[in-house]
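**Student:** Take a look at the following structure, please.
The values are calculated or read from the model by the stated rules, or taken from the named source; none is laboratory data. Being a predicted model, the structure only gives us computed values, none of them experimental. Cβ placement follows ideal geometry from the backbone for every residue including glycine, while neighbour counts extend to all protein chains displayed.
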Amino acid sequence: MLSALLRIGWKKLWTLFFVSVISFAVIHLAPGQPSQIDPLNPRFTPEQLERYRKAFDLDLPYHVQYVRFYRKLFTGELRAFKDSQPVLPKIVERFWNSFPLFLVGTVLIWCYAFPLGIASAIRRNSLFDKVTTVIVFALISVPGFYLAYLLIIFVVQTFHVDVIGLRTFGREGVAAPLRLMDRTWHLVLPSVLGATAGIAVLSRYVRSQMLEVINSDYVRTARAKGLGEDTVLYKHALRNALLPFVTMLGLLVPALIGGSVIIETIFAWPGIGRLGYEAVLSRDYPIVISLNFIAAVLTLLGTLLSDVLYMVADPRIRLEAE
Amino acid sequence: MRVKQILILAPTLVSLFLLQSYFWVPTFEEQVKGDPGRLTRYIQTSIGDASILNPTLAADSASSDINSLVFEGLIDRNRDLAFRGRLAESWEIFEEAYMVVDETQELSDGTPVTGDTLLRHLERAQAARDPALRLVQKIELLPGQSKIEQIEVAIPRQESGKPKKRMVEVTVHLPPRLKFTLSEVDQDFFVKLNSLLRGYGDRIDPSRFIEGAEPVITRERAAALVPPTEHNPIVLFRLRKGVLFQDGHEFDSGDVKFTYQAIMAPENLSPRVPDFEPVKAVEPLGRYTVKIIYKRLFEPGFGSWGMGILPEHLLNRERLKAEAIRLGRDPKTYSIRDSAFNRAPIGTGPFRFAEWKTDQFIRLRRFRDYWEGSPNLREYLYRIIPDMLTAELTFYAGTSDAYGAQPHQVERLKHDPRFQNFSRLGLGYTYIGYNMRRPIFQDVRVRKALGMAINVQEIIDYVLYGQAERTTGPYPKQTEFYNPAVKPLPYDPEGALRLLAEAGWTRNAEGWLEKDGKPLAFTLLTNLGNEVRKAVMVVAQNAWRRLGIKVETLIMEWAVFINERVDKGDFDALILGWSMGLDADLYQIFHSSQMGHFQLNFVGYSNPEADALMIRIRQEYNRARQVEMARRLHQIVAQDQPYTFLFVGKGLTLLDRKLVRMIRDPDGTPQYLPIVADKLGRINFHFNQWVKTSEPVLAAY
């Protein structure tokens, strides 16, 4: 087991290396330059542009830049072009801003997708199933920003409360429980919006998994044994239907750093998605590449985690080595 | 069944928990009415966050918004856009000019030139009231000196054509010079002096004063090391006494010099270097006077002293070194750009910095010891809301006082009695530029015809909802430089066809215009992401096709558009816009020397008279003469039509009607006045007098 893990880890390290090269190359190959050295700034002479390039290490050959870049990243010396602030603390700060959104969104997705999917699988082709199908597809197709505007306008005009930002603006010095509830309220709309598409998609998966299992032999056997319908469905069927979703837990890990540009922009949420988006627009290489790299690390960790979870959850699956 | 219960209970509980939080949140009414502090707090929303709160390093508009409140420059502009003193109480502008004593020459009476003979000759002329020396107040003789300098020279090589660059050491024998102090700047001083001295200045050969190992120094290089004649415009600022930085330290001339040095220090990478490059030296003369010496005639440089002044005592070498050591960074490479000052600045402006939450808000508090009196508003909040619609919602709900409204949003709220609005005309214009390196665009009749084919009024009415004005030339319409006598091109497709026929373009059997069997065909470019330019593109293409011109259009991503097309001159025609400053300098955009790599005259405009005017305009310190030349330049450019000048955008600023100005009579009774906009439509000119009243105090105006 341990040696297998080590071998997998070694492979992942190689993947990580290639990802680091590619994410570095992609940003440098993309057209455009950091806005600080935008040649259309008419005030700059070539000498001054050269000075900027030098300060940003952009005058060096690519392989030297690559080595310097990752060395600075690992030693924490990397600074953003935009404001000369260290990159890692910036990312960490934004991560904690986005984290509650991610957490509540995920909880909502998993809480709603399973009951919905199971219910429509059990009542297949019933009115309930058809209605949820229509709603679910509508939610998948409606653009998030449109839904966001509709919701914001509705809530603001009906309830007259602030929904934008991390907390009600200009409300300082209130008691801790009030602050907590204020923050919770500000989480509601963006996380519901972030969750809608997730609920829609995941509940479809659950439904089809459940259908597949319900029609399998062992479920028929369980029924034949005379077990109650609830026991058959929730004990025998559901357990097996859940198996593939275990892997999904692992895939959630990289979503930690994704953030949602649209939701965060509309709700003035100072999250990680906006950080990345604005960095791409101004070609702030240190931030873009660091985010890319961290996302790659998390993705690899996530797949590793799903592998392990799968092994734990399903004794039939074993590593080739054993 | 437990699983079933969990499946139903979990979403219900989560939803209930989330939704109950609503009851703990204040409504907008409670926020606005229930919070007495709200009346003394001004909230401005912005779509972007500031990046660096240091006026010498910032280049984005959000940072400037904050910096302009925390910092203050020596001068700024009053409501009519003329300069007024801020940290400087007053100033005078005069000139010091230098001329080399060339001992190989003779004076007109045959005496050989020495410093003394030349000086006496000129003093006699001055006593005889020679007009060339009318402005001269003092003539002094400065001794010569020698120095050794390292210079880079290009040495041509026979084998490969590429010259090799190398450093050589030369000895510069700076000859004695005459120093003239003039009461005002006169760009023609040496021209007049030269005719008084019968061409003396033209005969000076500067290479004579350079002695080096390699005789590869051109006359231009030599003239750069030892200029035969030199204009040094001088600005003498008299500083306001007793002005305090927000930490209580007094502002003085050392801070001005320090700010200049901070900008010019290479390690700080200041984007403002080009503004201050023409400055030769900043010399404090005592605590409250500072003398700015310029290297050459450059009138637009004066406006740069609106730059916010940094506190020397917080950013000098020792402080930076201490900061670097505290943070464990290398003190040698630690520069102002790295300093924590840029996230917690201290200046002399009316508001002092309090708090900055990145991408959320910046909080400023009034500076009670501000030299012009404390602002009325206690707090200024700059809230970042990146989305336009949500920004409007917060404005509408009363939780913000101002936001950058879009034209269609203004339309919605303009007639709401709760708001007041202010019209403003932009400083930028949109144009169609023609690449004059292309044969078809070399004929002015073609360029003019293309302009006449476009109905600009239609674009203004239907694309811009009337939120624009026509413009006929390169200057902002609010400035005196704009020539109101220049008439816009008429919309006249028939006339355009006649002009094209004169230029040799006639319709063929299929209706397309052609000349010598070649069709009139070209591609019109613009950049992605600007809807107005895209619409203008469609209108222009349609208008031109109706004349019989084959026009293709292409929209490109900004970086590719600039790097691959504009910079390389690889385009036929393009739609772009310029955002102009308030000075009269057009050198970079229209001078024929500015057509190179990454330069801004990418359309390749060249007109000798315009070239000469552009140079004279930037060297002219007399406002009336400058205005006269600028108006002539406007006329020439309009005649040549290197661009089809289209329109200047207009905008409206919305503000809560409860915001007014409040000043106190000598006996202390408050007096309320309406907020007024300046010539640029900026409303915050009297910002320090603003107050918010609980109910509107002024009738609608």
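**Student:** Of the conditions (1) within 9 Å of chain A (Cβ to nearest Cβ); (2) of a type outside the set (D, E, K, R); (3) more than 21 Å from the chain's Cα centre (by Cα), B:Leu600 fails just one. Which one is it?
**Tutor:** Exception for B:Leu600: condition (3).
**Student:** Considering only segment B:650-661, I want to know if a residue exists there that is surrounded by fewer than 17 Cβ atoms within 10 Å (Cβ to Cβ) and more than 33 Å from the chain's Cα centre (by Cα).
**Tutor:** no
**Student:** Looking at (1) over 30 Å from B:Met452 (Cα atoms); (2) among the β-branched types (Val, Ile, Thr); (3) assigned to a helix (DSSP H, G or I), which one does B:Ile589 not meet, given that it meets all the others?
**Tutor:** Single failed check for B:Ile589: (1).
**Student:** Checking B:Leu600 against (1) without any contact (Cβ under 8 Å) to a residue 40 or more places away in the chain; (2) assigned to a helix (DSSP H, G or I): exactly one of these is not met. Which one?
**Tutor:** B:Leu600 satisfies every listed condition except (2).
**Student:** If you take the residues of segment A:171-207 that are farther than 20 Å from B:Gln31 by Cα and charged (D, E, K, R), which of them is nearest to the other protein chains (Cβ to nearest Cβ)?
**Tutor:** A:Arg207
**Student:** Something else now. Select, from A:Gly194, A:Gly228, the only residue that is in the same structural domain as A:Asn125 (by TED's automatic domain parsing), within 26 Å of the chain's Cα centre (by Cα) and within 23 Å of B:Ile8 (Cα to Cα).
**Tutor:** Result of the check over A:Gly194, A:Gly228: A:Gly194.
**Student:** Which condition number does A:Leu291 fail, the rest of (1) under 21 Å from the mean Cα position of the chain (by Cα); (2) modelled with pLDDT of 85 or more; (3) within 12 Å of chain B (Cβ to nearest Cβ); (4) closer than 30 Å to A:Leu78 by Cβ being met?
**Tutor:** Going through (1) under 21 Å from the mean Cα position of the chain (by Cα); (2) modelled with pLDDT of 85 or more; (3) within 12 Å of chain B (Cβ to nearest Cβ); (4) closer than 30 Å to A:Leu78 by Cβ one by one, A:Leu291 breaks only (3).
**Student:** Here's a follow-up. For residues in segment B:1-42 being under 17 Å from A:Leu189 (Cβ atoms) and of a type in the set (A, V, I, L, M), which is farthest from the other protein chains (Cβ to nearest Cβ)?
**Tutor:** So the residue we want is B:Leu16.
**Student:** Taking the stated definitions as given, is A:Pro100 buried (at least 19 other Cβ atoms within 10 Å of the Cβ) and in contact with a Leu (Cβ under 7 Å, 6 or more places away or on another chain)?
**Tutor:** In short, no.
**Student:** Could you identify the single residue in B:Leu69, B:Leu53 that is among the aliphatic types (A, V, I, L, M) and in contact with a Gly (Cβ under 6 Å, 6 or more places away or on another chain)?
**Tutor:** B:Leu69
**Student:** OK, next. Which of the strands (runs of 3 or more DSSP E) found entirely inside segment B:335-434 contain at least 3 residues meeting this: within 14 Å of chain A (Cβ to nearest Cβ)?
**Tutor:** So the answer is B:351-357, B:361-366, B:379-384.
**Student:** If you take the residues in segment B:603-639 that are of a type in the set (Asp, Glu) and touching a helix residue (DSSP H, G or I) at 6+ places or on another chain (Cβ under 8 Å), which one is nearest to B:Phe94 (Cα to Cα)?
**Tutor:** B:Glu620
**Student:** In segment B:28-46, how many residues are surrounded by fewer than 16 Cβ atoms within 10 Å (Cβ to Cβ) and either touching a Phe, Trp or Tyr at 6+ places or on another chain (Cβ under 9 Å) or at pLDDT 85 or above (or both)?
**Tutor:** Number of matching residues: 1.
**Student:** Okay, moving on. Note down all Cβ pairs under 7 Å where the first residue falls in segment A:43-67 and is within 17 Å of B:Arg272 (Cβ to Cβ), the second is part of a loop (DSSP other than H, G, I, E, B) and of a type outside the set (Val, Ile, Thr), and they're at least six residues apart or on different chains.
**Tutor:** Taking only residues 6 or more apart or on different chains, the pairs are A:Leu49/A:Pro39; A:Arg51/B:Leu269; A:Tyr52/B:Leu269; A:Ala55/B:Leu269.
**Student:** Same structure again: So, in segment B:212-239, how many residues would count as being more than 30 Å from B:Ile309 (Cα to Cα), of a type in the set (Val, Ile, Thr) and at pLDDT 80 or above?
**Tutor:** Residues that pass the stated criteria total 2.
**Student:** From A:Leu243, A:Leu275, A:Leu227, which residue is within 14 Å of chain B (Cβ to nearest Cβ) and either aromatic (Phe, Trp, Tyr) or touching a residue at least 60 places away in the same chain (Cβ under 8 Å) (or both)?
**Tutor:** Matching residue, one of A:Leu243, A:Leu275, A:Leu227: A:Leu275.
**Student:** In segment A:133-170, what residues are within 11 Å of chain B (Cβ to nearest Cβ) and touching a residue at least 24 places away in the same chain (Cβ under 8 Å)?
**Tutor:** If the condition is that a residue be within 11 Å of chain B (Cβ to nearest Cβ) and touching a residue at least 24 places away in the same chain (Cβ under 8 Å), then A:Phe145, A:Ala148, A:Tyr149, A:Ile152, A:Val155, A:Val161, A:Asp162, A:Val163, A:Ile164, A:Gly165, A:Leu166 are the ones that fit.
**Student:** How do the helices (runs of 4 or more DSSP H) wholly within segment A:216-274 filter down when requiring 3 or more residues that are surrounded by fewer than 18 Cβ atoms within 10 Å (Cβ to Cβ) and not small (Gly, Ala, Ser): which remain?
**Tutor:** Hits in segment A:216-274: A:217-224, A:238-258.
**Student:** Is it the case that some residue within segment B:257-266 is of a type in the set (Phe, Trp, Tyr), closer than 30 Å to B:Ile617 by Cβ and either away from chain A (no Cβ under 12 Å) or in contact with a His (Cβ under 7 Å, 6 or more places away or on another chain) (or both)?
**Tutor:** The answer is yes, given that some residue of segment B:257-266 is of a type in the set (Phe, Trp, Tyr), closer than 30 Å to B:Ile617 by Cβ and either away from chain A (no Cβ under 12 Å) or in contact with a His (Cβ under 7 Å, 6 or more places away or on another chain) (or both).
**Student:** Just checking, does segment B:179-201 include any residue being surrounded by fewer than 19 Cβ atoms within 10 Å (Cβ to Cβ), over 25 Å from B:Arg625 (Cβ atoms), touching a helix residue (DSSP H, G or I) at 6+ places or on another chain (Cβ under 8 Å) and not small (Gly, Ala, Ser)?
**Tutor:** No, that holds for no residue.
**Student:** Another question about this same structure. In the set B:Phe276, B:Phe251, B:Phe245, which member is at pLDDT below 95 and in contact with a Ser or Thr (Cβ under 8 Å, 6 or more places away or on another chain)?
**Tutor:** On inspection, the qualifying residue turns out to be B:Phe276.
**Student:** Could you tell me whether any residue of segment B:306-322 is under 21 Å from B:Ala59 (Cα atoms), part of a helix (DSSP H, G or I) and under 20 Å from the mean Cα position of the chain (by Cα)?
**Tutor:** yes
**Student:** Moving to a separate point now. Take the residues in segment B:435-474 that are charged (D, E, K, R) and assigned to a helix (DSSP H, G or I), then tell me which one is farthest from the chain's Cα centre (by Cα).
**Tutor:** Among them, the one singled out is B:Arg445.
**Student:** Listed residues B:Phe395, B:Phe367, B:Phe361; which is closer than 30 Å to B:Gly668 by Cβ and crowded, with 19+ Cβ neighbours inside 10 Å?
**Tutor:** Exactly one of B:Phe395, B:Phe367, B:Phe361 is closer than 30 Å to B:Gly668 by Cβ and crowded, with 19+ Cβ neighbours inside 10 Å, namely B:Phe367.
**Student:** Turning to a different aspect of this structure: Would you call B:Ile460 in contact (Cβ under 8 Å) with a residue 24 or more places away in the chain, crowded, with 23+ Cβ neighbours inside 10 Å and β-branched (Val, Ile, Thr)?
**Tutor:** no
**Student:** Restricting attention to segment B:322-356, which residues are of a type in the set (D, E, K, R), surrounded by 15 or more Cβ atoms within 10 Å (Cβ to Cβ) and farther than 29 Å from B:Ile663 by Cα?
**Tutor:** The answer is B:Glu323, B:Arg337, B:Asp338, B:Arg343.
**Student:** Under the condition of being in a helix (DSSP H, G or I) and among the basic types (Lys, Arg), which residue from segment B:30-65 is nearest to B:Gly308 (Cα to Cα)?
**Tutor:** B:Arg38
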